[in-house]
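Accompanying notes for the structure given below.
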Amino acid sequence: MKYRCQCITLEGRRCKKAFSFVCNKAKCCFIHANAYLKYVLTIQNAYKGYHCRKYVRLLARLPCDIQGKILFYMRYDAKKNKCIQKILCKKVDTLLGIPQTLRIGFVLAFFENPYTHTLIQMDKTEFANNILQISHLYKLYTKYMSIINHDYANALYFINHYVINIIAECVYRYHFIGGSYLYTKEELTALNNSMQELKKVADVFKLEYEYHYCQ
Ligand SMILES: [Zn+2]
C-alpha cells in the first residue's frame, strides 16, 4: 500500500499503479498526476524564466565579443550553426560575389562593377527575381545575425547602400524608362514595390547589425 497511487479510478476502485509524484499531499502515478499538469507547467515556466534571467544577468556583464561567442553556441547547436553559416555565405557569393571583390567594388564606378554587368545581362524576369532574392538575403542575415559569418555580415553592411544604388540605377536606366525592356503597368508596380521592400529590409538589417556589432 505504501508505494501505491492513492487516486480512485473511474470505476471507483483504488488505482493499482505505483506512485511517482506527490501532488497536493496525495501520492499519484504518472496517469493520475496528469490532473495537476496545468500547475506543473505554470511552475516550470516561472522557474525556466528565473533560471534564464540569472544567466542573462551574468551574460550582460561580459564584454561584447565574448557575449557574441556564447550566443553562437547557445542558439541552436554549434554544428547546425556552422551549416547555416555556410549556406548563407554561399548565397552571398552567388548573388553578389565574394566579399573580397565586393569591397573592391565599393570604390568602383557603376559600369566598372562586376555586379552591374551581371544585372545588365538579365532579362526583366531575372532582374525582378534578383531583387527579391537580395531582399530575402537581407532578411536571412537579419534573422541569423548572431550566428552569421562576421566577414560576410560586415561586407553586406558596408555595401548595403552601394548595392541598392546599383539596382536603383539599373531600374532607372534600363527598366523604368523602357529601353529594351517593355513593362506593363502591373510589372512596373511590382518592380517598384520590390524596390521599396528591398530598401526596407536592408534598413532593418543595418539597424540590427549596428545593434549587434557597433555597441
Ligand atoms: Zn493512479
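Throughout, read-outs are computed from the coordinates displayed, never taken from laboratory work. Please read these numbers as outputs of a predicted model, since none were measured by experiment. Heads up, the Cβs are rebuilt from the backbone with ideal geometry, glycines too, and the neighbour counts pull from every protein chain shown.
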- Task: With springs only between Cα atoms under 10 Å apart, run a GNM on the chain and tell me which of H161, H32, H117 wobbles the most.
- Result: H32
- Item | J(HN,Hα) series, region 3-15, from Karplus relation 6.51 cos²θ - 1.76 cosθ + 1.60, nearest Hz, glycine and proline x | 9, 8, 4, 8, 6, 9, 6, 4, 7, x, 9, 6, 4
- Quick one: which of K91/K124; K79/K143; K82/K139; K27/K54; K79/K206; K54/K79 span more than 29 angstrom between C-alpha atoms? K27/K54
- Query: Which of V22, V204, V163 moves most in a GNM of the chain, Cα contacts under 10 Å?
  - Reply: V22
- The answer for K17, listing residues at least 5 apart or on another chain whose modeled amide H is closer than 5 Å to its amide H, is C5
- Item | For region 110-215: relative contact order, % (alpha-carbon pairs under 8 angstrom, 6 or more apart) | 44 percent
- Message: Only Cα pairs within less than 10 Å get springs; with that Gaussian network setup on the chain, which residue of S20, S194, S146 has the largest fluctuation?
- Response: S20
- Okay, helix-only estimate at 222 nm for the chain: each DSSP H run of n ≥ 4 adds -39500 (n - 2.57), divide by all residues, round to 500 deg cm²/dmol; what do you get? -21500 deg cm²/dmol
- Query: Taking the Cβ of C214 as the center, what net charge do the other residues with Cβ under 14 Å away carry, scoring Lys and Arg +1 and Asp and Glu -1?
  - Reply: -2
- Check every DSSP H run in the chain and write down those whose alpha carbon atoms cover 18 angstrom or more along the long axis and whose mean Kyte-Doolittle hydropathy is -1.0 or greater. 37-60, 78-96, 124-143, 150-170, 185-213
- Subtracting the Cα-Cα distance of E126 and E186 from 0.36 nm times their residue separation yields 20.0 nm
- Query: So what's the gap between the Cα centers of region 139-172 and region 37-76, to the nearest angstrom?
  - Reply: 30 Å
- Task: Evaluate the charge dipole of the chain about its Cα centre and quote only its size in Debye, nearest 20, assuming +1 on the Cβ of each Lys and Arg and -1 on the Cβ of each Asp and Glu.
- Result: 2520 debye
- Task: Figure the gain on full extension for F111 and K139 (residue separation times 0.36 nm, minus the Cα-Cα span) and round it to one decimal in nm.
- Result: 7.3 nm
- Message: Once you place label points 7 Å from the Cα toward the Cβ at Y39 and A168, how far apart are they in nm?
- Response: 6.2 nm
- Quick one: which residues, 5+ away or cross-chain, put their amide H under 5 Å from the amide H of C23? H built at 1.01 Å from N. C28
- Message: 7 Å from Cα along Cα→Cβ at both M74 and A26: what's the point-to-point distance in nm?
- Response: 4.1 nm
- Item | T118-I84 FRET efficiency (beta carbon distance; Förster radius 30 Å; 0.05 resolution) | 0.75
